[in-house]
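A quick write-up on the structure given underneath.
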Amino acid sequence: MSDKKQAKHVAAHEVNQTAKSVKKENREIRQKTTADRVVKYIFIGLIALAVIYMIWSMTVVE
């Protein structure tokens, strides 16, 4: 009977390993979305600077 009870019980280290892998996957997904957002903002900033520079250079030439 004790064998049955032990078979049903999941060891704590197995639960912790599963929880750690789930947390790691969630963290990787969150970092990827954050990185994508940061890259998008950098490109938007560079395009805005390019437009400002074009406007400034046109005013200086006149």
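The figure for VAL60 is an accessible area of roughly 90 square angstrom, using a 1.4 Å probe on the protein chains alone. In this view, the solvent-accessible surface of LYS23, computed with a 1.4 Å probe and all protein chains in place, comes to about 140 Å².
Distance between the modelled labels on VAL39 and ASN26, one decimal in nanometres: 2.5 nm (7 Å Cα→Cβ projection).
Accessible surface for THR33 stands near 70 Å², nearest 10, in the context of the full protein assembly shown (1.4 Å probe).
The values are calculated or read from the model by the stated rules, or taken from the named source; none is laboratory data. All values derive from a computational prediction rather than experimental measurement. Ideal geometry is used to build each Cβ from the backbone, glycine not excepted, and the neighbour counts take in all protein chains shown. Side chains are part of the model used for accessible areas, which takes the heavy atoms of the whole protein and leaves out ligands, DNA and RNA. Shrake-Rupley method; radii C 1.70, N 1.55, O 1.52, S 1.80 Å.
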